[in-house]
Amino acid sequence: LAVIDPERCTQCGLCEEKCRFNAIRDFTVDSVHCEGCKVCVIICPVQAIDFVERVCGHAYISETEYGPMSHARLIPGMENAGKLVSLVRQNAKKLAEEGGHELVLVDGPPGIGCPVIASLADIDHGLVVVEPTLSGIHDLKRALELLNHFKVEALVCINKHDLNEENTAAIKEFCSGEEIEMVGQIPFDPDVTKAMVDGRPVVEYAPDSPASEAIKSMWERLASILV
Ligand code: SF4
Ligand code: SF4
């Protein structure tokens, strides 16, 4: 977080002009909007801006029956999660190298913001999970643009595909036109919600349910691509 020292500040206005997050007003940094990019710290001609580290969350490493897991908890209200995502990824990479694991699965957040970009660094494939709604199709296109920008090979899966067959057909047609592989489609299945409430993966909670069957079949296709 950038902090302006009023004793040293000459009120030249340069930092406010250059802050692309509009986080500086009247020579004061708005802690909510400051993304910690440090541009103002670098460009201030009289070194009147200090940079104070702040805790936005905590990173953890856990053991699960499926293998080690690197994860984090963001403190409620903290928006600047990009660095925390990067730390989670660094921990995952270290775990994989130390444990001899050839595959790291990164569960990215929705959208195309800073945490998503941080989760994309160095990945080989990006699986975009889309629901067959108009906003879902819109977000799919934005996510694919982002993957394309970072030269990451995109794969697509449709979740709850049977809730709107018309939009599902539109997604398939779009992906086919863009030559993007559709690796699976998962039906709406109440067992998914029950599994979440029970705190278990649906493939463990209800292994024979329609969603579990679809996920297992998709995983076989993914494994053949990734490993
Ligand atoms: S750039 Fe430095 S001197 Fe200029 S307004 Fe900002 S803090 Fe003050
Ligand atoms: S660190 Fe970046 S986001 Fe924060 S006030 Fe300075 S220029 Fe703006």
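The values are calculated or read from the model by the stated rules, or taken from the named source; none is laboratory data. As the structure is a computational prediction, the values presented were derived from the model and not from experiment. For neighbour counting, all protein chains shown are included, and Cβ atoms are generated from backbone atoms with ideal geometry for every residue, glycine included. Just the protein is used for accessible areas: all its heavy atoms, side chains included, with ligands, DNA and RNA removed. Shrake-Rupley method; radii C 1.70, N 1.55, O 1.52, S 1.80 Å.
What are the pairs, 6+ residues apart or on separate chains, where a residue within region 205-227 that is over 21 Å from residue 162 (Cα atoms) has its Cβ under 6 Å from a residue that is part of a helix (DSSP H, G or I) and at pLDDT 95 or above?
205/195; 205/198
Any chance region 21-28 includes a residue that's in contact with a helix residue (DSSP H, G or I) (Cβ under 6 Å, 6 or more places away or on another chain), within 16 Å of ligand 1 (Cβ to nearest atom), touching a residue at least 12 places away in the same chain (Cβ under 8 Å) and not acidic (Asp, Glu)? Reasoning before the result, please.
Here is the first cut: in region 21-28, the residues in contact with a helix residue (DSSP H, G or I) (Cβ under 6 Å, 6 or more places away or on another chain) are 24.
Narrowing the set further to residues that are within 16 Å of ligand 1 (Cβ to nearest atom) leaves 24.
Filter once more, so that each one left must be touching a residue at least 12 places away in the same chain (Cβ under 8 Å): 24.
Checking which are not acidic (Asp, Glu) leaves us with 24.
Looking through region 21-28, at least one residue is in contact with a helix residue (DSSP H, G or I) (Cβ under 6 Å, 6 or more places away or on another chain), within 16 Å of ligand 1 (Cβ to nearest atom), touching a residue at least 12 places away in the same chain (Cβ under 8 Å) and not acidic (Asp, Glu).
Would you check if residue 99 is away from ligand 1 (no atom under 14 Å from the Cβ) and open to solvent by less than 90 Å² (accessible area, probe 1.4 Å)?
Details: away from ligand 1 (no atom under 14 Å from the Cβ): yes; open to solvent by less than 90 Å² (accessible area, probe 1.4 Å): yes.
For residue 99, the condition - away from ligand 1 (no atom under 14 Å from the Cβ) and open to solvent by less than 90 Å² (accessible area, probe 1.4 Å) - is met.
Looking at region 1-15 only, could you name the residues that are near ligand 1 (Cβ under 8 Å from one of its atoms) and either open to solvent by 70 Å² or more (accessible area, probe 1.4 Å) or among the hydrophobic types (A, V, I, L, M, F, W, C) (or both)?
4, 8, 9, 10, 11, 12, 14, 15 - these are the residues of region 1-15 that are near ligand 1 (Cβ under 8 Å from one of its atoms) and either open to solvent by 70 Å² or more (accessible area, probe 1.4 Å) or among the hydrophobic types (A, V, I, L, M, F, W, C) (or both).
Of all residues in region 113-129, count the ones that are part of a helix (DSSP H, G or I) and of a type outside the set (A, V, I, L, M, F, W, C).
First pass over region 113-129, keeping only residues part of a helix (DSSP H, G or I): 114-120.
Cutting the leftovers down to of a type outside the set (A, V, I, L, M, F, W, C) gives us 115, 119.
Qualifying residue count for the region: 2.
Would a scan of region 148-164 turn up a residue that is within 19 Å of residue 184 (Cα to Cα) and exposed (fewer than 13 other Cβ atoms within 10 Å of the Cβ)?
No, there is no match, as no residue in region 148-164 is within 19 Å of residue 184 (Cα to Cα) and exposed (fewer than 13 other Cβ atoms within 10 Å of the Cβ).
Name the helices (runs of 4 or more DSSP H) wholly within region 133-227 that hold at least 3 residues that are small (Gly, Ala, Ser)? Before the answer, list the steps.
On the way: elements: 134-149, 165-177, 190-198, 202-205, 210-226.
Per the criteria, 134-149, 165-177, 210-226.
I'd like the residue in region 50-73 that is loosely packed, with under 11 Cβ neighbours inside 10 Å and in a strand (DSSP E or B) and, out of all such residues, is nearest to ligand 2 (Cβ to nearest atom).
Checking each candidate, the answer is 73.
Would you be able to say whether some residue in region 36-50 is more than 10 Å from ligand 1 (Cβ to nearest atom), modelled with pLDDT of 90 or more and under 22 Å from residue 76 (Cα atoms)?
no
Test residue 123 against the criterion of being over 20 Å from residue 57 (Cα atoms), among the hydrophobic types (A, V, I, L, M, F, W, C) and out of contact with any Lys or Arg (no Cβ under 8 Å at 6 or more places or on another chain), and give yes or no. First the steps, then the outcome.
Values: over 20 Å from residue 57 (Cα atoms): yes; among the hydrophobic types (A, V, I, L, M, F, W, C): yes; out of contact with any Lys or Arg (no Cβ under 8 Å at 6 or more places or on another chain): yes.
Against the criterion (over 20 Å from residue 57 (Cα atoms), among the hydrophobic types (A, V, I, L, M, F, W, C) and out of contact with any Lys or Arg (no Cβ under 8 Å at 6 or more places or on another chain)), residue 123 qualifies.
Does any residue in region 44-72 that is among the aromatic types (Phe, Trp, Tyr) come within less than 8 Å, Cβ to Cβ, of a residue that is away from ligand 2 (no atom under 13 Å from the Cβ) six or more places away or on a different chain, and which pairs are these?
Here the result reads 60/70; 60/71; 60/72; 60/73, each pair linking region 44-72 to a residue that is away from ligand 2 (no atom under 13 Å from the Cβ).
For region 1-20, enumerate the residues that are more than 6 Å from ligand 2 (Cβ to nearest atom), more than 15 Å from residue 52 (Cβ to Cβ), touching a helix residue (DSSP H, G or I) at 6+ places or on another chain (Cβ under 8 Å) and of a type outside the set (D, E, K, R).
14, 15, listed by residue number.
Here are 105, 95: which of them is part of a loop (DSSP other than H, G, I, E, B) and closer than 30 Å to residue 225 by Cβ?
105 is the lone residue from the list that is part of a loop (DSSP other than H, G, I, E, B) and closer than 30 Å to residue 225 by Cβ.
For region 33-49, give me each residue that is loosely packed, with under 13 Cβ neighbours inside 10 Å and not in a helix (DSSP H, G or I). If you could, list the steps in order and put the result at the bottom.
Step one: filter region 33-49 for residues loosely packed, with under 13 Cβ neighbours inside 10 Å, giving 38, 42, 45-47.
Listed by number, the residues that qualify are 38, 45, 46, 47.
So residue 129 clears everything in (1) of a type in the set (Val, Ile, Thr); (2) under 14 Å from the mean Cα position of the chain (by Cα); (3) open to solvent by less than 70 Å² (accessible area, probe 1.4 Å) except one condition, right? Which one?
Here residue 129 meets the rest and fails (3).
Please determine whether any residue of region 79-86 is open to solvent by 90 Å² or more (accessible area, probe 1.4 Å), in contact with a His (Cβ under 9 Å, 6 or more places away or on another chain) and at pLDDT below 90. It would help to see each step written out before you state the result.
At the first step, the residues of region 79-86 found to be open to solvent by 90 Å² or more (accessible area, probe 1.4 Å) are 79, 83.
Now narrow it down to the ones that are in contact with a His (Cβ under 9 Å, 6 or more places away or on another chain): 79.
Narrowing further to those that are at pLDDT below 90: 79.
Yes, the conditions are met somewhere in region 79-86.
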